Amino acid sequence: MHRILEYLLLFVVVVLLQVFVFDHLQASTFFGAFVYVAFLILLPMELDRSVVLLLAAALGMTMDLFMGMQGINTAATALTAFCRPAILGAFVGKDEAAGVPNIVGLGFSKFIRYAIVLILIHHTAFYLLESLYFKEIFFTVLRILSGTLCTLVAIYLCQLLFLVHRSKI
Amino acid sequence: MYKFVLFLKKIQFLLLFAVIEVVALHFYANGSSYNYAKFINVSNYLVGDIYAGVSQVKQFFTLGDENRRLNREVSELRSALEHYRATMPEVNMPDRLLDSLHYAYVPARVVNNSLGRQQNYLTLTGDMREVTPDMAVVAGGNVVGYVVERSDRFAVAVSILNTRFSTGGRIKKQSNTEKESSYFGSIRWDGHRTDEVTLTEIPKYAEILPGDTVITTEYSSIFPPGLNIGTVVGSELINATYYDVRVKLFADMGTLNNVVLVRYTFNREKTDLEERARQHTEGGSDDTR
């Protein structure tokens, strides 16, 4: 129960951060940070994968509504949630998969690699759907890579904030 | 039957994924520019007021600049008015003349504006009673976009930084010749830089110099002719047949604040007439008279 409340709070926080902070920091077509992916990254490892998928769809639809985009966010988050069990399995191993996959739970380098793969999947789906213009594939790939970097830094910084908060309590 | 249920349970994850993706992609595939704006309008019912509040706070910090800009515009308009007064004294504007005014102006405020996407939109607020779709959005005399959808309190406009945006552009000579160039093409955004658009299909015998001004043409039923768009920064010959000209926008799209919406009052009459003429020729094509 305690955990459900915590994740509900995380959901609200990432959506608000995305809509009111990170969407307005985008000064160019590169450097788009999608901090809301943090919610998908940080869901508990033992959570049923179908539940993760439904939560991802809810998150995507919320973002679509706020950003005024039709389905792009939902398609990207659902794909990310679909790939998540396989990626978790590859990085963590099935038997030790429990707890929250954050810096503390996974360790720094493991977490960064796990997060990069998830963010990359999300951004690839998002930017490909957004441009759908294969003539400009080089430009889109550049956007995917720069966006992934920005999101990773943003998520890392946000997590530091949460960890500081935790250690005080 | 029991086996079937077991089977469904086994592939439940895959099935769920497929359903979600199909629904999302269905919405995505049916998204025209028009639908898009409609969708944003719906989301404005939910979050438009929050955006308006946030933008009001942001606006507070640019009040000084905004005031100076408005002051400059007022003095320019005043001197233009004086000029008219001096050249034609004692003009009483008859009502009949008012009827023939070509453009109607409505002030509005930008509450939400994106730059990082391929399809960028502006959300506007203000007195929306006079606002209709197809009104031009102008900031400080520069083209910024056009209105596509409106609700009671908000309007959504396609930004010039939208890959679906398109209008005519003409090159105005900067040099002493004073003669307006008759070369025109269409203005498009390629989705790359947020301060540049492309003026495409300029004939290859046109003389294009960096620094030339690009303005709107007389052929648009949305934008009044002669509005500033940007300055030429470079050009590229495509297939040895026409130029693609890179145009640096006059408007700073990142700091849009107060804008003016312009309606061409004869738009309806013009498009209706054009439509009738088209029907006429199409109907007459199989008529051998």
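Read-outs throughout are calculated quantities, based only on the coordinates presented, and are distinct from any laboratory measurement. Computed from a prediction, not measured in an experiment: that's the story for all the values here. Backbone-built Cβ (ideal geometry, glycine too); neighbour counts: all protein chains shown.
If one computes P(r) from the Cα atoms of the protein assembly as shown, what percent of pairs lie at distances over 30 Å?
Across the protein assembly as shown, Cα pairs with separations above 30 Å total 55 percent.
What are the ³J(HN,Hα) values, in whole Hz, obtained from phi via the Karplus relation 6.51 cos²θ - 1.76 cosθ + 1.60 with θ = phi - 60°, for each residue of region B:197-211 in sequence order, with x given for Gly and Pro?
Whole-Hz 3J(HN,Hα) from phi for region B:197-211: 10, 10, 9, 9, 6, 8, x, 6, 8, 6, 8, 10, 10, x, x.
Past 29 Å, Cα to Cα: identify those pairs from B:Lys172/B:Lys270; B:Lys204/B:Lys248; B:Lys38/B:Lys58; B:Lys38/B:Lys270; B:Lys248/B:Lys270, in the order given.
B:Lys248/B:Lys270
Expressed in whole Å with the largest first, what are the equivalent ellipsoid semi-axes of region B:167-252 derived from the C-alpha gyration tensor as the square root of 5 times each eigenvalue?
Those come to 17, 16, 13 Å.
For region B:1-91, just list the percent of Cα-Cα distances falling in each 5 Å bin from zero outward, please.
So the P(r) values, bin by bin, are 3, 9, 7, 8, 8, 8, 9, 9, 9, 7, 5, 4, 3, 3, 2, 2, 2, 1, 1.
Using a basic spin-label model with each label point 7 Å from the Cα along Cα→Cβ, how many nm lie between B:Tyr84 and A:Val141?
Going from the B:Tyr84 label point to the A:Val141 one covers 5.7 nm.
In 5 Å bins starting at zero, report the fraction of Cα pairs in chain A per bin as a rounded %.
1, 8, 18, 23, 22, 15, 8, 3, 1, 0, 0
Tell me the relative contact order for chain B as a rounded percent, counting alpha carbon contacts under 8 Å between residues six or more apart.
Averaging sequence separation for qualifying contacts and normalising by length gives 16 percent for chain B.
Arrange the following residues from fewest to most other Cβ atoms within 10 Å of their Cβ: B:Glu218, B:Glu149.
Sorted ascending by nearby Cβ count, the order is B:Glu218, B:Glu149.
Let me have the relative contact order for chain A, percent, based on Cα pairs under 8 Å that are six or more residues apart.
So the answer I get is 25 percent.
Say the dipole of the protein assembly as shown comes from +1 at the beta carbon of Lys and Arg and -1 at that of Asp and Glu; which of A:Cys83, A:Ile155, A:Val104 then lies farthest toward its positive end?
The listed residue farthest towards the positive side: A:Val104.
For chain B, what is the largest minus smallest coordinate of the Cα atoms on each principal axis, given in angstrom and ordered from greatest to least?
Cα extents, longest axis first: 93, 61, 44 Å.
For region A:33-83, state what percent of all Cα-Cα pairs lands in each successive 10 Å bin, counting from 0 Å until the bin that includes the largest distance.
All Cα pairs, binned at 10 Å, distribute as 27, 58, 14, 0 percent.
Run the dipole for region A:2-168 about the Cα centre, Lys and Arg Cβ at +1, Asp and Glu Cβ at -1, nothing else charged, and hand back the magnitude in debye, nearest 20.
In debye, rounded to 20, region A:2-168 gives about 280.
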